[in-house]
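A.B. asks: Below you'll find the structure I mean.
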Amino acid sequence: MAARASRPLGVVTRGTTGPNRLRRVDNWIVKTCGDALRAAPDPLVVDLGYGATPVTAVELRARLAAGVRADVRVVGLEIDPVRVTDAQPAAEPPGLTFARGGFELAGLRPALVRAFNVLRQYDESEVADAWATLCAGLAPGGLLVEGTCDELGRLAGWVLLDANGPRSLTLAARLATLRSPAELAERLPKALIHRNVPGEWIHDLIQALDDAWRSAAGYAPFGPRQRWLHTVQTVHAQGWPLLDRPRRWRQGELTLPWPTPEPPR
């Protein structure tokens, strides 16, 4: 293990959290990042900024152990020492532990970092440096999943990164409560949330999804999943370079490469 940094990098988050808030991204990590974790010499995962309670770190450990490999180790890192102390009753060493740390990852070299609802509290100008610091701390072949979601985990957006930078963007929604894809704009990752303006590709994407959703209104009687499927199929047919396929679309997700090419005209 590398030596611990002398001072955590970053600021204390608001700490808002709750059971199953990150279930959607956790399941995506199992499916999308599972092979990388299986191949890792040390299956160490960091849950950065887990919040006022350790529940999401506990859930992440359980989902990875069940879906990827039983020997996965999750370390929950928080800058606030009180939160670290309060989390200790939930620890189950060596599979789940808690420590003080920030963007420097407390000197650890994880195979994967999940950082959710952390950068949302920073300025957009600080995102690139935070990404670079986190990615520099990854083990060889390591991955970073950085994003944000609403309080109940119904709307979310996240970026997958490696040592070379961002690789993909995923947007996800609980279809049973989705009124319109335009709602996804509320929970874009910090790198994009202020880019949802005319002339930016993310604005064009959300507009295309919203237009396709309205056009698919005739499928509403068959349920929101069918309406969403036809919505995503429409934007795919328009030329948006989706990386996933209907199995993930049915979960209320879509993933695109980063940086996304110019939108279809």
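A.B. asks: Based on this model, can you work out whether ALA191 counts as in contact with a Pro (Cβ under 9 Å, 6 or more places away or on another chain), more than 19 Å from ARG248 (Cβ to Cβ) and among the small types (Gly, Ala, Ser)?
C.D. replies: yes
A.B. asks: I would also like to ask the following. For region 171-191, name all the residues that are within 20 Å of GLU151 (Cβ to Cβ) and of a type in the set (A, V, I, L, M, F, W, C).
C.D. replies: LEU171, ALA172, ALA173, LEU175, ALA176, LEU178, ALA182, LEU184, ALA185, LEU188
A.B. asks: Then there is this: Any chance you could count how many residues in region 163-184 are open to solvent by 20 Å² or more (accessible area, probe 1.4 Å), among the small types (Gly, Ala, Ser) and not in a loop (DSSP other than H, G, I, E, B)?
C.D. replies: 2
A.B. asks: Going by the structure shown, is THR53 over 28 Å from THR255 (Cβ atoms), of a type in the set (Ser, Thr, Tyr) and not in a helix (DSSP H, G or I)?
C.D. replies: Yes; evaluated as a whole, the condition is true for this residue.
A.B. asks: May I pose another question? Evaluate the following for LEU160: is it in contact (Cβ under 8 Å) with a residue 24 or more places away in the chain, outside any helix (DSSP H, G or I), open to solvent by less than 40 Å² (accessible area, probe 1.4 Å) and in contact with a helix residue (DSSP H, G or I) (Cβ under 8 Å, 6 or more places away or on another chain)?
C.D. replies: Taking the combined requirement at face value, the residue satisfies it.
A.B. asks: Just to check your reading of the model, which residue among THR85, THR97 is open to solvent by 30 Å² or more (accessible area, probe 1.4 Å) and in a strand (DSSP E or B)?
C.D. replies: On inspection, the qualifying residue turns out to be THR97.
A.B. asks: Find all pairs meeting these conditions: Cβ atoms under 7 angstrom apart; at least six residues apart or on different chains; first residue within region 27-46 and free of Cβ contacts under 8 Å to residues at least 12 places away in the same chain; second residue open to solvent by less than 60 Å² (accessible area, probe 1.4 Å).
C.D. replies: Every condition considered, no pair remains.
A.B. asks: Now for a different question. Picking from ALA90, ALA57, which residue would you name as being of a type in the set (A, V, I, L, M) and more than 22 Å from VAL159 (Cα to Cα)?
C.D. replies: None of the other options fit; the residue is ALA90.
A.B. asks: Next question. Among the numbered criteria (1) on the phi < 0 side of the Ramachandran plot; (2) open to solvent by less than 30 Å² (accessible area, probe 1.4 Å); (3) of a type in the set (A, V, I, L, M), which single criterion is violated by LEU105?
C.D. replies: All conditions are met except number (1).
Rundown of residues vs (1) open to solvent by 30 Å² or more (accessible area, probe 1.4 Å); (2) closer than 23 Å to GLN121 by Cα; (3) of a type in the set (Phe, Trp, Tyr), yes/no style:
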position	(1), (2), (3)
ALA191	no, yes, no
HIS194	yes, yes, no
HIS203	yes, yes, no
ALA212	no, no, no
ALA216	no, no, no
GLY223	no, no, no
GLN226	yes, no, no
VAL232	no, no, no
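The values are calculated or read from the model by the stated rules, or taken from the named source; none is laboratory data. Predicted model, so just to flag it, every value in this text is computed and none were measured. Using ideal geometry, Cβ is built from the backbone for each residue, glycine included, and neighbour counts are taken over all protein chains shown. Each accessible area value is taken on the protein alone, full model and side chains, heavy atoms only, with ligands, DNA and RNA left out. Shrake-Rupley method; radii C 1.70, N 1.55, O 1.52, S 1.80 Å.
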